[in-house]
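Every number here is computed from the coordinates shown, using simple stated rules; none is lab data. If you're wondering where the values come from, they're calculated on a predicted model, not measured in any experiment. Because the Cβ atoms are built from the backbone with ideal geometry, glycine has one as well, and the counts that use them run over all protein chains shown.
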Amino acid sequence: MSQRQIVKVVDDGGDAATVVSDHGFPLPNFPDGPGIDGVRSVKIRDDDILIITYPKSGTHWVFEIAREILSGKIIDDNVSKVQAFMEMVPEETYADFPSPRFLISHLLMKHLPDDVCKKKIKIIIVLRNPKDVAVSLYNFWKTLPHVNYKGEWKNFVRPFFHGKFIYGSWIDYVLEWEQVKKDNPDLPVLTLFYEDIKEDQMREMRKVCEFLGVERTDDFLSKVCDNTTIASMKTRQKKDDSGIQIYRKGGVGDWKNWFTVAQNEWWDQHFQERMADSPLQFKYTL
C-alpha cells in the first residue's frame, strides 16, 4: 500500500479539508511535492542552512532577512522560499543553487535527510505564539484551492490544537524540535521568536549575524529592516510561485479578534497542561 494517500480531514462542524497522509503525517497536497521519502533522500551539503518553522510562523520573513544578512547586500528580486521548500518542490529545483543554500521545511527532524544531523548543518528555528499561528493558518487555508476548506473559525480551533490538520499538532512539533536540541547539543541551532523580531528586529538580526559568522554594520542592518517589512515584501512579490497569497497581516495579537472568551479559556487550560514541562515562553501581545 502507498505511504501517501489523499484524505479528507473534518473539522468540528463537518467541513472537510483535503490533505495528504504521508507515512501517517498530514501534509498539504502539493502538486509537485516529493513526499517525505523524497525529502529524506535530498543530498545535503556541509554548508547548507536550514530554516525550520511550523507553518505561518514567519518562514518567508526570516528567509528574506537571513539571505540578505548572509549575502551582505540588499536583495530586490522576487525569489521565493518556495524554490527551496523541501517538501513542496523536487530536489532538482534547488540542486544547482550556489552554496551556501538556504533550505526551508516545516517537517520534523525524523522526516529530514540523516545528513542534516550527521553533517551538523546550521539550523534556524523560528517559533511564533500558537494563537496567532492558528488564526493565520485558518485564513491561509481558506485561500488554498488544493485544500478546498470552507469551514468556520469556531469549528477550526479544537481540531487545529489537537493536530488534525497539516503538519500535525503545533505543540508536538515544538516539543519534538526542543528534544532534538537536547539530544544533539553539538548541533548548531539558533532559535528565534517571531514576536522578538517584531519587537526589536535589529537585536534579533545581530543574533543571526553571529550565528552565520558574518559581520554587518548597523547601517546595513537598518536597510535590511526597511527591505523586509511586510509592505516592502508585498510590493516585491504579491504572490509566491504557486499563485498563492503568502502575506496577510504579519502582526502580533490578531488572535484577540478571533478567539472567543470560551475558546481562549479552553485553549489556555489545555496548552498549560501540554506545555507544563517546557521552558519556552511565548508573547501574545507587544
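Distance from a point 7 Å along Cα→Cβ of Glu215 to each backbone N in segment 188-205: keep the residues under 19 Å and list them by number.
Once the point is set 7 Å along Cα→Cβ of Glu215, 203, 205 turn out to lie under 19 Å by backbone N, inside segment 188-205.
Can you give the longest stretch of the chain with no exposed loop site, where a site means GluC sites (Glu not before Pro) in a DSSP loop (not H, G, I, E or B) with at most 14 other C-beta atoms within 10 Å?
With a cap of 14 other Cβ atoms within 10 Å, the longest stretch comes to 1-151.
Evaluate the charge dipole of segment 30-274 about its Cα centre and quote only its size in Debye, nearest 20, assuming +1 on the Cβ of each Lys and Arg and -1 on the Cβ of each Asp and Glu.
With only Lys, Arg, Asp and Glu charged at Cβ, the dipole is about 580 debye.
Report the FRET efficiency, 1/(1 + (r/R0)^6), for Thr18 and Gln83, where r is their Cβ-Cβ distance and R0 is 35 Å, rounded to 0.05.
0.90
Rounded to the nearest 500, what is the chain's calculated 222 nm mean residue ellipticity when only DSSP H runs of at least 4 contribute -39500 (n - 2.57) each, over all residues?
Dividing the helical sum by the residues of the chain leaves -11000 deg cm²/dmol.
Calculate, for Ser71 and Lys110, the FRET efficiency according to 1/(1 + (r/R0)^6) with r their C-beta to C-beta distance and R0 45 Å; round to the nearest 0.05.
0.90
For Asn227 and Lys118, compute 0.36 nm times the residue count separating them, minus their Cα-Cα distance, and round to one decimal in nm.
35.7 nm
Highest GNM mean-square fluctuation, the chain, Cα pairs closer than 10 Å: which of Asp46, Asp200, Asp132?
It is Asp200.
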